[in-house]
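Asks: Starting off with a structure, shown below.
Each value in this text was obtained by applying a stated rule to the coordinates, not by laboratory testing. Here the structure is a predicted model, which means the values were calculated and not measured. Note: ideal-geometry Cβ built from the backbone for every residue, glycine included; neighbour counts use all protein chains shown.
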Amino acid sequence: MLRRALLPVRALVATFLVGAIPVMAAGANPLTAYYLMAAGSLGDMIAITEVFVRAAPLMMTGLAIAVAFRAKFWNIGAEGQLYAGAILGTLVAVNFPELPFWIHIPFMIVAGMIGGALCALPGILKIKLKVGDVVTTLMLNFIMVIFTSYLVQNVLKDPFTRWPQSPPITESATYPILIPFTRFHLGIVIALFFALVVGYGLIEYTALGYEIKAVGSNEIASRLAGINPTALTIKTAIISGSFAGLAGIGEVAGIRHHLIATLSPVPIGYGLTGVVIAVMSGLSPLWVVVVAFLFSIIINGSQTMSRLTGVPIFLGEIFQGLALGFSLLFLFLDQYRIRRVR
Amino acid sequence: MSEKIVEMKSITKKFPNILANDHIDLQLRKGEVCALLGENGAGKSTLMKILYGLYHADEGQILIRGQAANIDSPKDAIASGIGMVHQHFALDDKLTAVENLILGTKQARILLDMKGAKKEVIDLSKKFGLEVDPDSKVYQLSEGMKQRIEILKTLLRGAQILIFDEPTAVLTPLETRDLFKTIRALVSQGHAIVFISHHLEEVLSISDRIVVLRNGKVVGEKRAEETNEAELAQMMVGREIEEVSRLKGRKAAQPVLEISGLCALNDKKLEAVKNVSLSVRKGEIVSVAGVSGNGQKELTEVILGMRKATSGKVVINGKDVTNKSTKTIIQQKLGCIAEDRIGWGLLMDLPIAENLILGLHRSSKLSTKTPVANFLKTQEIKQYTQQLLTRFDIRGTDVSAPVKLLSGGNLQKIILARVLSQEPEILLASQPTRGLDVGATEYVHKLLLELRDKGIGVLLVSEDLEEILTLSDTIAVMFRGEIVGTLSAESATSEQLGLMMAGIKQPEGTKQ
Amino acid sequence: MMQAELISFGFIIAMAAASIRIATSLMYATLGEMLTERSGILNLGIEGLMILGAMTAFITTYATHSLELGVIATILVGVAEGLIMSLVYGRIGTNQHVWGVAFTIANFGLAYFVYRLYFGGTAGSLSIITPYAPVRIPILADIPILGPILFEQYAYTYVAIILFVVFAIVFKYTIWGLIITVVGDNPAVADTAGISVYRTRYVAVTLGAIFMALGGSFLSIAQFNAFLFEIVAGRGWIAIALVTIGNWKPMRCLFAAIFFGFIDALQLRLQALGISEITLAGTAVTIPFQLFLALPYVLTILFLLIASRRADYPTALLTPYRREE
């Protein structure tokens, strides 16, 4: 447990240390740059709410991948599942204007989760083929983005504008804003709920969560204890995909109010950043929330920092890569140390 | 007496729990087949691995052709003319025979001279009766063919001394005959052969000289024509096994596990289990005795539902579970202590508590069923697992500690704790005390006897004769996939068992 | 009326030539990954390496006005990254897919960072260079049909095809090919034969990285004349699939790359012609261009499903090697 807590801290420190090199190469003072990153995203109330806004999809994809990785289901496709969830959720959000919001919103959420889950299911190819989960989910990332782009220019096109977007979601499906004059929307609370309660509860307190951990740790032993690994993989794919799908519909219902093909940043979308977050959190749902906020601060603050120091905004992406690399490195070193000791 | 080519003097090798080789002297001569006979753990494999550079001896010296030799790795051994034909062939299945042979031989220049290599292979193979199609892909070949490639590999590297490690275990009788032809051809060309085996009949047939090892020491050396199976078996097994007095099990009438006519193939699609029939009754310990590699692994896998039975039945408590899912089988109250304890029994990344509840995590004792999910009862789990630690005397740790920090003996206890706490009606224990020290072994034996007294049926698979004689009510001996005999423990003698385990079938009178 | 143009002879030749041309960056990426995977390592950092190569080549060329220096710089970057990657994949060995993601993310950040640093945030104006031009090989290009298809390509393309042929020969006829294959199938066997598993993998990964970076550089200094942020467009990920589709054999991977180049070229052509409808057996079917965009990815999954039984993958792929002493 202590080791788990230390991992994000160690990785973060290492990232900041090594990350200072590009900053200095750009002719800026790392401490200034880091300070500005924090100041830029935490400077005032609105900025702070924006941190929450960005953290919501990050913690959902982070959670999705953390759960999947626990079962050794290598879900690199959270991006695709995010879009799949957004698509299915938007279909519901756009089409049932008569429903009262307390029915429409849950309905939409469920649709989003189903969309994400369906998109994750092809990953069970891992049962037959070694890289079955990785390549399939990865390919679906692209397929889903292209499909979304197709939909919003054709079948699901907004009749009122030229923008490639879907018709606006109905009032009854929009996540209400919880803090006036900000973009802090219901989806943020939903994300926190899912991460802190559902995710954590699942992993620590349910039999299914236990089975996910068991199969990820030792499939044969689990089989001998009466667990069916194939069934478990399917369940994991469904759960992971649905969490990512929730991130997708969250962006539509809370921020954009239309389905668009750019829900997720480029070049590194929420799906990939989710991998960074999941691994850096040691696959723990609670830490996923913390690390999601951390990266939200970094991503949001990068703009201010960049503007004021001249350091290119892409420092954020370099940080993500470094953070993931260091997390993996420290994980490896920990294992190695234990083996040496025994 | 022909010339000595290898002299191993006073070789000693210690492992953490065991003295594998205890001041062993061994000589190998040109043009001679020397057999190394002994049970598993007697030290024969270790000794040869030292000669081949895979292990380093703690004490002792090796002389090759009269010169002191420093063998630090297989490379050195190969350079000294020593070649080893392993039990598990070191071949790349996807390549052809000649491609496998080219690797590491003098043939290897940048541009592969396939024609030249093929010619050399064909010439060599004709010389020693090792015909094999150079262009055939290895995965398509029979075990006998693959072995030929292994042998050719050692010859291509210039081996004068060839070590064969249990070579006939995977061969058909016909292939064995061909192998012996090859060995005789090699011998006539002056090669020295070491033949490691536990198959008495074959050993007597092919060897010139037989060295018997037991418990790490040489207990006897005989010329083949001067000895017989009975004498060798006695040397292998020894007379030290005290008749341990134990309470006779109270056997109930009905069998809890019945296996009839079971057949199964191994991973190489060869017959590994041939028409095996066994039954275990409540309150009875039935042992399957035999050296590893005679089908026991496949047998246990079939019982557990991890391998397909090609024919026959497995019935637990009257219910036919042949070829059903492992989940179904476990539900019939079958518990299992696997041979690969850690690999099959522990969740190394997780804490002790989570290891202890594996299999019970959905029971009503430890979880609450709700329409949303099965929630684990954390308090009950903590209590329950803590109790288990106490009951099984695992000290100095807490249920939330990671399991991988425990010692080997304690890991075994965790597995026992978990399996037994599920109150199985039939327990399958496979090599349960392998690698354990004396204290831990005694502990496990005590436990197994307790279970038997409580009315649980135990199927014990073991190669440790002492253990088998101590614990069993009934002993079935397995050799090359078949049950060669079933005895009641009271009337069994270690010589009989030794002979049966070495493949010598017993006369009808002793069969139950 | 557009239909007639579709099946004109000139069209087919132009398409064939375009397929090969457009497939060039894929060729390099696929070759690099094939080599790497044959030695048993899965490198998911292709996309990142390609963007880094694209950026490096472009900026070097821009700064020095020398395309050749651009290529050299790319190779050097490939070597540097390759060495780091081979250390990680070879010595650490676990979690290869996640490391690949880490490399990709870091390289994307690095590539964009350096580009932005060099050119500043000048919005609107895109820096360009004079790219490589296709090289017409004199006599051979006059051969009817084959001439214009094969012999009016970029130097990059010729080199790529030659490399594929070279590696096909290496794998079939040389000891090096055998060594790489055994290391990828069964490192233990290689070890007992005295082959250094680590060294073989270092070479494979580093060479692979050089090729991947070169594949990216082709985009920015040959196929296009600028460094656009979306220039790689997922080719790196497709290369992973192409290696599987090509069953880890050089010539098949080459054809797989060319086939996907064809899909790309077809999609571009259809878009340029404004075609969105095709008449199939009398009924007009609307085929959105997005279908072609998605086709490579869809085909990958389909092929994986089909090939999951026959996939000839290096048996030790993804298994880190530790010599048990």
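Asks: Taking the Cα of A:VAL189, stepping 7 Å toward and past its beta carbon, and measuring to each backbone N in segment A:50-67: which are under 20 Å?
Replies: Within reach of a label on A:VAL189: A:50-60.
Asks: Right, something else. For C:THR286 and C:GLU68 in one chain, what is 0.36 nm times their gap in residues minus the Cα-Cα distance, to one decimal in nm?
Replies: 74.0 nm
Asks: Given the rule -39500 (n - 2.57) for each run of at least 4 DSSP H residues, summed and divided by the residues of chain C, what is its mean residue ellipticity at 222 nm, to the nearest 500 deg cm²/dmol? Please report the intermediate quantities before stating the final value.
Replies: Values: 13 runs with 216 residues, N = 325.
Result for chain C, helices only: -22000 deg cm²/dmol.
Asks: Can you check what the Kirkwood hydrodynamic radius comes to for the protein assembly as shown, Cα pairs only, in Å to one decimal? Let's see the in-between values first.
Replies: On the way: mean 1/r = 0.0298 Å⁻¹.
Over the protein assembly as shown, the inverse of the mean reciprocal pair distance is 33.5 Å.
Asks: In percent, what relative contact order does chain C have, based on Cα pairs under 8 Å that are 6 or more apart in sequence? Numbers along the way, then the final one.
Replies: Numbers: 539 pairs, mean separation 118.6, N = 325.
Relative contact order, chain C: 36 percent.
Asks: With the crude spin-label approximation of a point 7 Å out along Cα→Cβ, what separation in nm comes out for B:LYS119 versus A:LEU196?
Replies: Going by the 7 Å Cα→Cβ label model, 8.1 nm.
Asks: Under 25 °C and 0.890 mPa s, how fast does segment A:206-329 diffuse according to Stokes-Einstein, given a Kirkwood radius computed over C-alpha pairs? Answer in µm²/s, whole number. Please list the in-between numbers first.
Replies: Numbers: Rh = 16.9 Å.
Taking Rh from Cα pairs, D becomes 146 µm²/s.
Asks: Out of A:GLY216, A:GLY80, A:GLY254, any idea which swings most in a Gaussian network model of chain A, alpha carbons joined below 10 Å?
Replies: Highest fluctuation of the listed residues: A:GLY216.
Asks: Just subtract the alpha-carbon distance of B:LYS319 and B:GLN61 from 0.36 nm times their residue separation and send over the number in nm, one decimal. Could you put the intermediate results ahead of the total?
Replies: On the way: separation 258, 0.36 × 258 = 92.88 nm, distance 5.91 nm.
In short, 87.0 nm is gained.
Asks: How big is D for segment B:391-512, in µm² s⁻¹ as a whole number, if Stokes-Einstein is applied with the Kirkwood radius of its Cα pairs at 4 °C and 1.567 mPa s?
Replies: Numbers: Rh = 16.1 Å.
The diffusion coefficient I find is 80 µm²/s.
Asks: Express the relative contact order of chain A as a whole percentage, based on alpha carbon pairs under 8 Å and six or more residues apart in sequence.
Replies: On the way: 635 pairs, mean separation 119.4, N = 342.
It comes to 35 percent, rounded to a whole number.
Asks: In the structure shown, do any of B:LYS217/B:LYS297; B:LYS14/B:LYS446; A:LYS235/B:LYS324; B:LYS137/B:LYS268; B:LYS313/B:LYS333; B:LYS44/B:LYS222 have a Cα-Cα gap over 19 Å, and if so which? The partial results should precede the final answer.
Replies: Values: B:LYS217/B:LYS297 28 Å; B:LYS14/B:LYS446 28 Å; A:LYS235/B:LYS324 22 Å; B:LYS137/B:LYS268 15 Å; B:LYS313/B:LYS333 17 Å; B:LYS44/B:LYS222 16 Å.
Cα-Cα > 19 Å for B:LYS217/B:LYS297; B:LYS14/B:LYS446; A:LYS235/B:LYS324; rest within.
Asks: Across 5 Å bins from the origin, how do the percents of Cα pairs in segment C:108-206 run, short distances first?
Replies: 2, 10, 11, 11, 9, 9, 12, 13, 12, 8, 3, 1, 0
Asks: Here is a follow-up. How big is the Rg/Rh ratio for segment B:75-195, C-alpha atoms only, Rh by Kirkwood, two decimals? If you can, show how the numbers build up before the last one.
Replies: Numbers: Rg = 13.4 Å, Rh = 14.4 Å.
Radius of gyration relative to Kirkwood radius: 0.93.
Asks: Please give the Cα centre distance for segment B:19-63 versus segment A:78-141, rounded to the nearest Å.
Replies: Cα centroid of segment B:19-63 versus Cα centroid of segment A:78-141: 63 Å apart.
Asks: Starting from the Cα of A:LYS130, draw a straight line to each of the aspartates and glutamates and keep only those under 17 Å, dropping any in the same chain fewer than 8 residues away.
Replies: Within reach: A:GLU219, C:GLU33, C:GLU37, C:ASP185, C:ASP312.
Asks: Please label the shape of segment A:2-341 as rounded, prolate or oblate, based on the square roots a ≥ b ≥ c of the eigenvalues of the alpha-carbon gyration tensor (a/c under 1.5 means rounded; beyond that, a/b larger than b/c means prolate, else oblate). Display every interim value, and only then the final one.
Replies: Numbers: a/c = 1.73, a/b = 1.05, b/c = 1.64.
Note, shape of segment A:2-341 comes out oblate.
Asks: Can I ask one more? Mind giving me the nanometre distance, one decimal, between the label points for B:LYS268 and C:LEU273, set 7 Å out from Cα along Cα→Cβ?
Replies: Result for the modelled spin labels: 6.0 nm.
Asks: Can you give the average number of partner chain beta-carbon atoms within 10 Å of each beta-carbon in peptide C:93-100, as a whole number? Numbers along the way, then the final one.
Replies: Values: counts 1, 4, 7, 2, 8, 14, 5, 2.
Per residue, the average neighbour count from other chains is 5.
Asks: Cα gyration tensor of segment B:344-423, axes a ≥ b ≥ c as square roots of the eigenvalues: rounded (a/c below 1.5), prolate (a/b > b/c) or oblate? Write out the running numbers ahead of the final one.
Replies: Details: a/c = 1.92, a/b = 1.84, b/c = 1.04.
Judged from the Cα gyration tensor, segment B:344-423 comes out prolate (a/c at least 1.5, a/b above b/c).
Asks: So, R0 is 51 Å and r is the distance between the beta-carbons of C:PHE255 and B:GLU226; what FRET efficiency does that work out to, to 0.05?
Replies: Details: r = 69 Å, r/R0 = 1.35.
Efficiency for this residue pair is about 0.15.
Asks: Run lengths n ≥ 4 of DSSP H only: what is the helix-derived mean residue ellipticity at 222 nm for chain A, with -39500 (n - 2.57) per run over all residues, to the nearest 500?
Replies: On the way: 14 runs with 240 residues, N = 342.
Counting only the DSSP helices, I get -23500 deg cm²/dmol.
Asks: Per residue, how much space in cubic angstrom lies within the convex hull of the C-alpha atoms of segment B:4-237? The partial results should precede the final answer.
Replies: On the way: hull volume 28.9 nm³, N = 234.
Given the Cα convex hull of segment B:4-237, per-residue volume reads 123 Å³.
Asks: Return the FRET efficiency for the residue pair B:ASP93, A:GLN303: r is the Cβ-Cβ distance, R0 is 35 Å, and the value is rounded to the nearest 0.05. Spell out each step's value before the answer.
Replies: Details: r = 56 Å, r/R0 = 1.59.
Result of the calculation: an efficiency of 0.05.
Asks: Running a GNM on chain A with Cα contacts under 10 Å, which residue among A:LEU272, A:LEU208, A:LEU322 ends up with the highest mean-square fluctuation?
Replies: Of the options given, A:LEU208 has the highest mean-square fluctuation.
Asks: Tell me, what is the Rg over Rh of chain B, with Rh the Kirkwood radius over Cα pairs?
Replies: Details: Rg = 25.2 Å, Rh = 25.0 Å.
The Rg/Rh ratio comes out at 1.01.
Asks: From the mean inverse distance of alpha carbon pairs (Kirkwood) and the Cα radius of gyration, derive Rg over Rh for segment B:251-322. Before the final figure, lay out each step's value.
Replies: Details: Rg = 12.2 Å, Rh = 12.5 Å.
On the Cα set of segment B:251-322, Rg over Rh gives 0.98.
Asks: For B:LYS126, give me every one of the aspartates and glutamates with a C-alpha distance below 18 angstrom, ignoring sequence neighbours fewer than eight places off in its own chain.
Replies: Here the aspartates and glutamates satisfying the reach criterion relative to B:LYS126 are B:ASP135, B:GLU150, B:GLU175, B:ASP178.
Asks: What does the charge count around B:LEU19 come to, taking other residues whose C-beta lies under 13 Å from its C-beta (Lys +1, Arg +1, Asp -1, Glu -1)?
Replies: Working: positive: B:LYS13, B:LYS14, B:ARG214, B:LYS217; negative: B:ASP22, B:ASP58, B:GLU59, B:ASP437.
Taking every Cβ under 13 Å from that of B:LEU19, the sum is 0.
Asks: Turning to a different aspect of this structure: If we count other beta carbons within 10 Å of each Cβ, what is the order of C:VAL189, B:VAL288, fewest first? Write out the running numbers ahead of the final one.
Replies: Working: C:VAL189 22, B:VAL288 26.
Ordered by Cβ neighbours within 10 Å, fewest first: C:VAL189, B:VAL288.
Asks: Among the chymotrypsin sites (Phe, Trp or Tyr not before Pro) within segment C:82-168, which fall in a DSSP loop and have no more than 12 other Cβ atoms within 10 Å of their own Cβ?
Replies: On the way: sites: C:TYR89, C:TRP99, C:PHE103, C:PHE108, C:TYR112, C:PHE113, C:TYR115, C:TYR118, C:PHE119, C:TYR132, C:PHE151, C:TYR154, C:TYR156, C:TYR158, C:PHE164, C:PHE167; in loops: C:TYR132, C:PHE151, C:TYR154.
Answer in residue order: no site qualifies.
Asks: Just from its helices, what would the mean residue ellipticity at 222 nm be for chain B, if runs of 4 or more DSSP H residues each count -39500 (n - 2.57) and the sum is divided by every residue, rounded to the nearest 500 deg cm²/dmol?
Replies: -9500 deg cm²/dmol
Asks: For segment B:4-237, give me the percentage of DSSP beta bridges that are antiparallel, rounded to the nearest 5 percent. Each step should come with its number before you reach the end.
Replies: Numbers: 22 of 40 bridges.
Antiparallel bridges make up about 55 percent of those DSSP assigns within segment B:4-237.
Asks: Counting other Cβ atoms within 10 Å, keep those with at most 15, restrict to DSSP loop, and tell me which GluC sites (Glu not before Pro) in segment B:286-366 are left.
Replies: Working: sites: B:GLU298, B:GLU301, B:GLU339, B:GLU354; in loops: B:GLU339.
Passing sites in segment B:286-366 do not exist.
Asks: Round to the nearest 0.05 the FRET efficiency obtained for A:LEU333 and B:GLN383 when R0 = 35 Å and r is the Cβ-Cβ distance.
Replies: Numbers: r = 36 Å, r/R0 = 1.03.
Calculated transfer efficiency: 0.45.
Asks: I need C:ILE41, C:ILE180, A:ILE249, A:ILE48 ordered by Cβ neighbour count within 10 Å, fewest first. Don't skip to the answer; put the middle values down first.
Replies: Working: C:ILE41 31, C:ILE180 26, A:ILE249 36, A:ILE48 17.
With the sparsest Cβ surroundings first, the list reads A:ILE48, C:ILE180, C:ILE41, A:ILE249.
Asks: Show me C:19-27, B:54-62 ranked by packing, highest mean number of other Cβ atoms within 10 Å first. Before the final figure, lay out the partial values.
Replies: Details: C:19-27: 25.7, B:54-62: 16.7.
Result, highest mean Cβ count within 10 Å first: C:19-27, B:54-62.
Asks: Which angle between 0 and 90 degrees, to the nearest 10, do you get for helix B:408-421 versus the longest principal axis of chain B when only C-alpha atoms count?
Replies: Long axis of B:408-421 versus the principal axis of chain B: about 40 degrees.
Asks: Where a Cα-Cα gap under 23 Å defines reach, which lysines qualify for B:LYS404, not counting those fewer than 8 residues away within the same chain?
Replies: Within the straight-line cut-off, B:LYS404 pairs with A:LYS72, A:LYS213, B:LYS382, B:LYS413.
Asks: Now for a different question. So, with +1 on the Cβ of K and R and -1 on the Cβ of D and E, and no other charges, what is the size of the charge dipole of chain B about its Cα centre, to the nearest 20 debye? Don't jump to the answer; show the numbers that get you there.
Replies: Details: 67 positive and 65 negative charges, 280 e Å.
The calculated dipole for chain B is roughly 1340 debye.
Asks: How many times 2.2 N^0.38 Å is the alpha carbon radius of gyration of segment C:148-200? Before the final figure, lay out each step's value.
Replies: Working: Rg = 15.8 Å, N = 53, 2.2 N^0.38 = 9.9 Å.
Compactness ratio reported: 1.58.
Asks: In segment B:8-145, if every C-alpha pair distance is counted and binned at 10 Å from zero, what percent goes to each bin?
Replies: Taking every Cα pair in segment B:8-145, the percentages come to 10, 32, 30, 22, 6, 0.
Asks: Next up: Just want to confirm a number: the relative contact order over chain B, from Cα pairs under 8 angstrom separated by 6+ residues, in percent.
Replies: On the way: 1010 pairs, mean separation 78.3, N = 512.
Once normalised by length, the contact order is 15 percent.
Asks: Within segment B:109-199, report the trypsin sites (Lys or Arg not before Pro) that DSSP leaves as loop and that have at most 11 other Cβ atoms within 10 Å.
Replies: Values: sites: B:ARG109, B:LYS115, B:LYS118, B:LYS119, B:LYS126, B:LYS127, B:LYS137, B:LYS146, B:ARG148, B:LYS153, B:ARG157, B:ARG177, B:LYS181, B:ARG184; in loops: B:ARG109, B:ARG157.
Sparse-neighbourhood loop trypsin sites (Lys or Arg not before Pro): B:ARG109.
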